[in-house]
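The values are calculated or read from the model by the stated rules, or taken from the named source; none is laboratory data. Owing to the predicted nature of the structure, the values given are computational and were not obtained by experimental measurement. Because the Cβ atoms are built from the backbone with ideal geometry, glycine has one as well, and the counts that use them run over all protein chains shown.
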Ligand code: SAH
């Protein structure tokens, strides 16, 4: 499939050459697609060029439904092949953060997550990942030069490091000066811990904020809730986190979803302190969003767990998940809609 949003400016210039068109048309196309215009809405290109571009996909994704919560808007997007993905926009004092998906479904199998229940359906291309930013920026009245989204978090459905090449290309496109020009420090990538690919990222694209979904400080317990733990043990992940810190000069964030009776004991907090000793990091404690199919419940000890970590000298905060009233957690809304449970 030829998705124009997959192209960077140089590649679009090569395409113009191939189509016997002047080079400057590439920038016009780039500006138009990144502003979310449809081929019909575009008024700068001549009809003859538009005809040549008819076999190319101009807008690979569109907002299909939106759900407004008290602190966030959840979007369902439709892809050109009718697959559905989801995203969430959170507004803060300092700007708008968009949470984006990198795959349709996921094959990591985490026991508390709704995105992975049906496995991986397919990877998203770089342009489909960027298309989510384009669609919501347009929804907010923005254009390529007047960007309304300040921060991006790759924390929607999918495992970004399991779709590495497309995600890397997306990161280059999103931070490109010709394009949206996001600053690296305003982009976070969350991974369940593919240590070898974290090492690749440290070489290829350091500087974005690396977030690691740890969720347990014990190898044995982690294996029970996150199958990927069998491939990369917890010490290997910590080693990769250190390496990323050294290469990027930034602290790493650990996500720790507190699950009742699974990872919320005093000993879990103490082990977490030991594990992260000497590492430049911050710990985000997250109450578990209840997923019906999973049956796990959020911890009753969240404040206590935070207090223990603070007393041990950890940098830690509780992230009260935005959008829990609209099925904010990964993959929940898409699943409900596909199963026809939601008439709202
Ligand atoms: N695959 C990546 C990114 C997607 S999930 C990763 O694992 O990091 C984004 C975050 O939401 C992860 O930390 C994930 O573990 C967490 N998450 C998934 N389901 C959740 C739930 N039901 N409640 C709270 N957090 C959840």
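Only one of the listed residues (130, 152, 89) is part of a strand (DSSP E or B) and closer than 30 Å to residue 25 by Cα. That residue is 152. Which numbered condition trips up residue 178, out of (1) within 30 Å of residue 11 (Cβ to Cβ); (2) within 18 Å of the chain's Cα centre (by Cα)? Only one criterion in (1) within 30 Å of residue 11 (Cβ to Cβ); (2) within 18 Å of the chain's Cα centre (by Cα) is unmet by residue 178, namely (2). Just to be sure, is residue 177 more than 10 Å from the ligand (Cβ to nearest atom) and part of a loop (DSSP other than H, G, I, E, B)? Here the answer is yes, as residue 177 does meet what is asked.
Looking at the stretch 283-302, can you tell me whether even one residue there is surrounded by fewer than 18 Cβ atoms within 10 Å (Cβ to Cβ) and farther than 26 Å from residue 70 by Cα? Checking the stretch 283-302: not a single residue is surrounded by fewer than 18 Cβ atoms within 10 Å (Cβ to Cβ) and farther than 26 Å from residue 70 by Cα. Looking only at the stretch 205-247, count how many residues are under 22 Å from residue 188 (Cβ atoms), in a loop (DSSP other than H, G, I, E, B) and more than 12 Å from the ligand (Cβ to nearest atom). Here the count works out to 4. Total residues in the stretch 92-143 satisfying the condition of being more than 23 Å from residue 70 (Cα to Cα), away from the ligand (no atom under 14 Å from the Cβ), modelled with pLDDT of 95 or more and over 15 Å from the mean Cα position of the chain (by Cα): the figure is 3. Scanning the stretch 152-162 for residues being modelled with pLDDT of 95 or more and either buried (at least 23 other Cβ atoms within 10 Å of the Cβ) or within 11 Å of the chain's Cα centre (by Cα) (or both) gives a total of 7.
Criterion applied to 309, 288 was being in contact with a strand residue (DSSP E or B) (Cβ under 7 Å, 6 or more places away or on another chain), within 21 Å of residue 212 (Cα to Cα), away from the ligand (no atom under 16 Å from the Cβ) and touching a residue at least 24 places away in the same chain (Cβ under 8 Å), and the one residue passing it is 309.
For (1) under 21 Å from residue 106 (Cβ atoms); (2) part of a strand (DSSP E or B); (3) in the same structural domain as residue 123 (by TED's automatic domain parsing); (4) modelled with pLDDT of 95 or more, each residue gets a yes or a no:
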site: 11; (1), (2), (3), (4): no, no, no, yes
site: 17; (1), (2), (3), (4): no, no, no, yes
site: 26; (1), (2), (3), (4): no, no, no, yes
site: 30; (1), (2), (3), (4): no, no, no, yes
site: 40; (1), (2), (3), (4): no, no, no, no
site: 48; (1), (2), (3), (4): no, no, no, yes
site: 74; (1), (2), (3), (4): yes, yes, yes, no
